[in-house]
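Working notes, structure below.
Nothing in this text is a laboratory measurement; each read-out follows from the coordinates by a stated rule. In this text the structure is predicted, and so the values were computed from the model without any measurement. Backbone-built Cβ (ideal geometry, glycine too); neighbour counts: all protein chains shown.
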Amino acid sequence: MHWPDDVAARYRAAGYWRGETFGGLLRDLAARYGSRPALISPGLPGSPAARWTFRDLDERADRLAAGLHAAGIRHGDRVVLQLPNVPEFHQVCFALFRIGALPVFALPAHRSAEISYFCEFTEATAYICPDEEHKAYAPGTRAFTLADLAGLSAPSGTDPVELPGPGPGPGDLAFLQLSGGSTGLPKLIPRTHDDYIYSFRASAEICELTPESVYLCALPAAHNFPMSSPGVFGALSAGAASVLAPDPSPGTCFPLIERERVTIAALVPPLALVWMDAAASGGHDLSSLEVLQVGGAKFSEEAAKRVGPELGCTLQQVFGMAEGLVNYTRLDDPEDVIVSTQGRPISPDDEILILDNEGNESDHGHLLTRGPYTIRGYWRADEHNRTAFTEDGFYRTGDIVRRAEGGYLVVEGRAKDQINRGGEKIAAEEVENHLLAHPAIRDASVVAVPDPYLGERTRAYLICRGEAPKKAELRAFLRDRGIAAFKIPDMFEFVDAFPQTAVGKVSKRHLRERT
Ligand code: AMP
Ligand code: DBH
C-alpha cells in the first residue's frame, strides 16, 4: 500500500521527501545542536528527572539500540511501545528506528484488551511498558519495563556499536501509529521515514519554531498530535527543547511553563477550557507562552475567542489525523480565521476533495484527501482498505467539512461511526462488541451525545434478554474485559427496540436525536 512510483518521484522532486531517516536525522541534529537541551522531564516513577541534550539523546539511543539488538530485536520486528511522557519514550523510538524495528504506538490508557490485540495482530517480538504490573497485559510477549531498559543499555562512554546489516531506508516503514478507528478492531497506520519527517519538519516551519522555542508535550507523547504537529519530533527537528509533562493538568503544567519558559503547547479542547479557567485564578507566570495549539476535536468559536485574552497567547487550531493530513491556522492569520476555522493543509500538494452525498464535488460534504504524508492504506487490512480509500488513493476521512475562503476547512460533523470524546476517539463497533459479550445483552448501539465540556460523551442503548443488568455491573464487566477506561460508556439506556432506517438498519441518527 505504497504511493505509486511516479507520485513518489514527484514528492521527491518537490523536496518533500529528502531521503532522510530518523536515525540519520538525530545524528545530524546532535552534530548541530549538541549541547542544547532536547528533552526536559520532571521525572515519574521509574524515570528520574532529566535534562537531556541533543547529544545525550543521540548517544542514549545508540546505547539502547545496541542493548535491544543484543536482546534479539531485529530489523522489521514490531515492538509495542506503551510509556508515559518520559524521555525514555523518545530514546526507545530512536533506538528502534536505528535498528529498523517498528514501534507500535499504544496509549498509556490502553489496557489488556488493546495491548494484547496489538501484540498479537502485529506479531510483536517485544512489549515495552512502564512497570511489572503492565506485563500482565501481554502474557505471550516478551516485555521490557523502564527498569529493564536501564539495565539493557550499553554503559555510557562505550563506543557506539555498529548494528549489523543495512539500516532502514527513507522509504521504509518507521512505525505503526494507531487510528481512532470506526470498526470493531483498531487499524494500524504505516508511516515511512520520508513521509513523517516531511510532515513534522513542515509543521515546525508553520509553527515558526526556532532553537529558542520550548515545546510543552502535555498530551500523551504517543499521540500523533504531540508527536508530529509539530510535536516533540518537530521541536527536535528545529533544535528546540521539549518539556515532557507527566499529565496535562494546570497544576502540573503551569509550574513547568513558568520554570522552563515554555513558548508553545498543544491541547485538546476540554483541556484548553480547564487551562483558561485555571489561568483566571492567577498564581503562575505564563507570559512566555506565545502559541496555544488546540486540536483533536472541534473547538467551539466561543471558546476559541477566549484564548487570546485569557491566556495572552495566539491560538492555533489544528485539525489532523494520524493517517496523514494536518491543517493549521497560521500564526499571522486574521482573528476571525483563527477562531472560526480549523486551518488549511500543510502542503501545497495536499489534495482536498469534498464530495456531497451523491459523490459530486462540492464545498460542503465528505472530506477525502491524498498527499505526500497521507497513507494509501492501513497495515494488513486489505478488505477495510477497499472502502476506506478510493481506487485512486484518496483517504476517506469520515469527516464532514465546509471549504471556507482561502482553502481553509471548517469541520461540521462526521460520517464515521465514532465518538470523539474530547479528542479521545472511540469506535462505536468496538464497544458494542464488548457489550454483546455480556450474557444479558441481546443488542447494543453506541452513539455520541453532545456535552458542553467534552464536546461529546458516549451513550449505549441496550436491548436485554430478560432483566436488565445494573449499570454499575455493566461498567465493571467492561473494565474486566480490559478496555481503556475512556471507552466505557458514560450512560446506559435500556430500550425494547432500536429505531430503524428505511432499509432496516439501526438508525444511529435517530438514537442520537433521542437525548
Ligand atoms: P485519528 O484518525 O484517530 O487520528 O483521528 C483524527 C480525527 O480527529 C479526524 O478525522 C477528525 O474526526 C478529528 N479531529 C482532529 N482534529 C480536529 C479538529 N480540530 N476539529 C474537529 N475534529 C478534529
Ligand atoms: O486528532 C488527531 O488525530 C490529530 C489532531 C491534531 C492529529 O493526528 C494531529 C493533529 O496530527
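Between the stretch 256-303 and the stretch 184-246, what is the separation of their alpha carbon centroids in Å?
Their Cα centres are 18 Å away from one another.
Please pull out the direction-averaged projected area of the chain, using the convex hull of its alpha-carbon atoms, in nm² to one decimal place. Mind showing how you got there, number by number?
On the way: hull surface 96.1 nm².
Value for the chain: 24.0 nm².
How would TYR117, TYR408 line up from fewest to most surrounding beta-carbon atoms within 10 angstrom? Display every interim value, and only then the final one.
On the way: TYR117 18, TYR408 23.
Ascending number of Cβ neighbours within 10 Å: TYR117, TYR408.
Before anything else, pin down the relative contact order of the stretch 418-514: Cα pairs under 8 Å, at least 6 apart, normalised by residue count, whole percent. Kindly include the intermediate steps, with their values, before the conclusion.
On the way: 149 pairs, mean separation 24.3, N = 97.
25 percent.
What distance in nm separates the simple spin-label points at GLU123 and ARG261, each placed 7 Å from Cα in the Cβ direction?
5.2 nm
Taking the Cα centre of each part, how many Å lie between the stretch 24-84 and the stretch 437-515?
One Cα centre to the other: 43 Å.
Ranked by Cβ crowding within 10 angstrom, fewest neighbours first, how are HIS69, HIS434, HIS510, HIS384 ordered? Each step should come with its number before you reach the end.
Values: HIS69 19, HIS434 22, HIS510 13, HIS384 16.
Ranked by crowding around the Cβ, least crowded first: HIS510, HIS384, HIS69, HIS434.
Evaluate the Debye formula for the stretch 328-412 with equal point scatterers sitting on the alpha carbons, no solvent, and hand back log10 of I(q)/I(0) at q = 0.14 Å⁻¹, in q order, two decimals.
-0.52
If I model a spin label as a point 7 Å beyond the Cα along the Cα-Cβ vector, how far apart are those points for ASP363 and ILE463 in nm?
Result for the modelled spin labels: 4.4 nm.
From the phi of every residue in the stretch 111-127, what ³J(HN,Hα) in whole Hz does the Karplus formula 6.51 cos²θ - 1.76 cosθ + 1.60 yield, where θ is phi - 60° and glycine or proline is x?
10, 4, 4, 6, 5, 5, 5, 4, 5, 6, 5, 8, 6, 5, 8, 7, 10
Using Stokes-Einstein with the Kirkwood hydrodynamic radius over Cα pairs, what translational diffusion coefficient do you get for the stretch 129-190 at 37 °C and a viscosity of 0.692 mPa s, in µm²/s rounded to a whole number? Write out the running numbers ahead of the final one.
Values: Rh = 15.6 Å.
Here the translational diffusion coefficient equals 210 µm²/s.
If I stretch the segment between GLU473 and ASP336 completely, what's the gain in nm (0.36 nm per residue apart, minus their alpha carbon distance), one decimal?
Numbers: separation 137, 0.36 × 137 = 49.32 nm, distance 4.78 nm.
Here the answer is 44.5 nm.
ARG36 to GLU351: extension gain in nm, 0.36 nm per residue of separation minus the Cα-Cα distance?
On the way: separation 315, 0.36 × 315 = 113.40 nm, distance 3.76 nm.
Length gained between ARG36 and GLU351: 109.6 nm.
Once you keep just the Cα pairs under 8 angstrom separated by 6 or more residues, what percentage relative contact order results for the stretch 237-343? Kindly include the intermediate steps, with their values, before the conclusion.
Values: 161 pairs, mean separation 21.9, N = 107.
Result for the stretch 237-343 is 20 percent.
Modelling each spin label as a point 7 Å along the Cα-to-Cβ direction, I'd like the ALA150/LYS135 distance in nm, to one decimal.
1.6 nm
By how many nm would the segment from GLU208 to ALA485 lengthen if fully extended, with 0.36 nm per residue of separation less the alpha-carbon distance?
Numbers: separation 277, 0.36 × 277 = 99.72 nm, distance 3.64 nm.
Residue separation times 0.36 nm, minus the Cα-Cα distance, leaves 96.1 nm.
Apply the Karplus parameterisation 6.51 cos²θ - 1.76 cosθ + 1.60, with θ equal to phi minus 60°, to every residue of the stretch 69-85 and state each ³J(HN,Hα) to the nearest whole Hz, in sequence, with x for glycine and proline.
Residue by residue, the stretch 69-85 yields 5, 5, 7, x, 7, 10, 3, x, 5, 9, 10, 6, 10, 9, 10, x, 7 Hz.
So if we plug the beta-carbon distance of GLU302 and GLU162 into 1/(1 + (r/R0)^6) with R0 = 56 Å, what FRET efficiency do we get, rounded to 0.05? Present the calculation step by step, with values, prior to reporting the outcome.
Values: r = 57 Å, r/R0 = 1.02.
Efficiency at R0 = 56 Å is approximately 0.45.
Can you give the Kirkwood hydrodynamic radius of the stretch 418-514 from its Cα pairs, in Å with one decimal? Could the numbers behind the result be given before it?
Working: mean 1/r = 0.0733 Å⁻¹.
Hydrodynamic radius (Kirkwood, Cα pairs) of the stretch 418-514 is 13.6 Å.
Just to confirm the filter: which trypsin sites (Lys or Arg not before Pro) across the stretch 452-514 are DSSP coil and have at most 11 other Cβ within 10 angstrom of their Cβ? Walk me through the intermediate numbers first.
On the way: sites: ARG457, ARG459, ARG465, LYS470, LYS471, ARG475, ARG479, ARG481, LYS487, LYS505, LYS508, ARG509, ARG512, ARG514; in loops: ARG465, LYS470, ARG481, LYS505, ARG514.
In loop regions of the stretch 452-514 (DSSP not H, G, I, E or B), the sparsely surrounded trypsin sites (Lys or Arg not before Pro) are ARG465, LYS470, LYS505.
Sorted by average packing, counted as other Cβ atoms within 10 angstrom per residue and highest first, what order do 489-502, 370-383, 207-220, 325-338 take? Spell out each step's value before the answer.
On the way: 489-502: 13.6, 370-383: 20.2, 207-220: 21.8, 325-338: 18.4.
Final packing ranking: 207-220, 370-383, 325-338, 489-502.
Using the structure shown, select from LYS187/LYS305; LYS135/LYS416; LYS305/LYS470; LYS187/LYS508 the pairs with a Cα to Cα distance greater than 32 angstrom. Let's see the in-between values first.
Numbers: LYS187/LYS305 35 Å; LYS135/LYS416 34 Å; LYS305/LYS470 42 Å; LYS187/LYS508 22 Å.
With Cα atoms farther than 32 Å apart: LYS187/LYS305; LYS135/LYS416; LYS305/LYS470.
Show me, for the stretch 357-371, the HN-Hα J-couplings you get by feeding each phi into the Karplus relation (A = 6.51, B = -1.76, C = 1.60, θ = phi - 60°), rounded to Hz, glycine and proline as x.
Values per residue, Gly and Pro as x: 4, 8, x, 8, 4, 7, 9, 8, x, 6, 8, 10, 8, 8, x Hz.
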